């Protein structure tokens, strides 16, 4: 159940922390990552983005692709966890508005033909949750990009996953794909200072005109969340809901403690 945050109590125009703010929060590392992705698109090829769960990888890539000039780019986003290579190829083919033919090699040829047909439009294919991709899936992604009709790449791949994805790329079986990746980028947890700025950013995006969280409350959120945006959102949203129940327009340390009891996975009990 979503926390009930009273907009009237906090003088807000929207509910913060329940979804991504209209304008994303960009710390220095995320700004750098976006700049690197923008340069990468000039050359196309493969980029790989990784980070721990909850650090906002998908939201950052979504913001990046939505900021692209759409007539010049065709964005294809495929979130998959347990798809096999045939399903991945079929899904990509369908998103190119092409009926997948029978057989994996035929599908690869159909996609490559479609990519050539839509030039100079740059297809940008985002494959998410790549830590769950099998080695066969990664090999077929490489094969799909291995269309040597000339020396110029005609497609951009952005492969997104948890940090385990980079570990899988180091395996000998995936070396051929890893060698084709020209940009490796990591989305990291927020620093304590950036956690404070993130909370204020979300509140301002929701119409806040004053500081709602007391500094000790923000410090506890930063410590308990370890800079993971998903947990920051859960703690801050739950603390505001608890404050709402208490008719308080300020979020104090007490409310964050109560939120942490609800939102943070308890430590295992030690056996006696």
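Observations
- One residue from 178, 162 being under 26 Å from residue 236 (Cα atoms), in contact with a helix residue (DSSP H, G or I) (Cβ under 6 Å, 6 or more places away or on another chain) and either modelled with pLDDT under 95 or not assigned by TED's automatic domain parsing to the domain that holds residue 223 (or both): 162
- Residues in the range 214-226 that are closer than 18 Å to residue 261 by Cα and surrounded by 14 or more Cβ atoms within 10 Å (Cβ to Cβ): 217, 218, 219, 220, 221, 222, 224, 225, 226.
Conditions (1) in the same structural domain as residue 61 (by TED's automatic domain parsing); (2) free of Cβ contacts under 8 Å to residues at least 24 places away in the same chain; (3) touching a strand residue (DSSP E or B) at 6+ places or on another chain (Cβ under 9 Å), marked per residue:
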| residue | (1), (2), (3) |
| --- | --- |
| 153 | yes, no, yes |
| 170 | yes, yes, no |
| 173 | yes, no, no |
| 198 | no, no, no |
| 205 | no, no, no |
| 209 | no, no, no |
| 225 | no, no, no |
| 229 | no, no, no |
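- Test for residue 129: is it within 20 Å of the chain's Cα centre (by Cα), closer than 29 Å to residue 97 by Cβ and outside the structural domain of residue 225 (by TED's automatic domain parsing): yes
- The single condition among (1) in the same structural domain as residue 45 (by TED's automatic domain parsing); (2) more than 19 Å from residue 28 (Cβ to Cβ); (3) under 22 Å from the mean Cα position of the chain (by Cα) that residue 183 does not satisfy is (2).
- Taken over the range 244-268, the criterion of being over 18 Å from residue 12 (Cα atoms), assigned to a loop (DSSP other than H, G, I, E, B) and without any contact (Cβ under 8 Å) to a residue 12 or more places away in the chain is satisfied by 265, 266, 267, 268.
The values are calculated or read from the model by the stated rules, or taken from the named source; none is laboratory data. These numbers come from a predicted model, not from an experiment. Cβ sites come from the backbone with ideal geometry, for glycine too, and all protein chains shown count toward neighbours.
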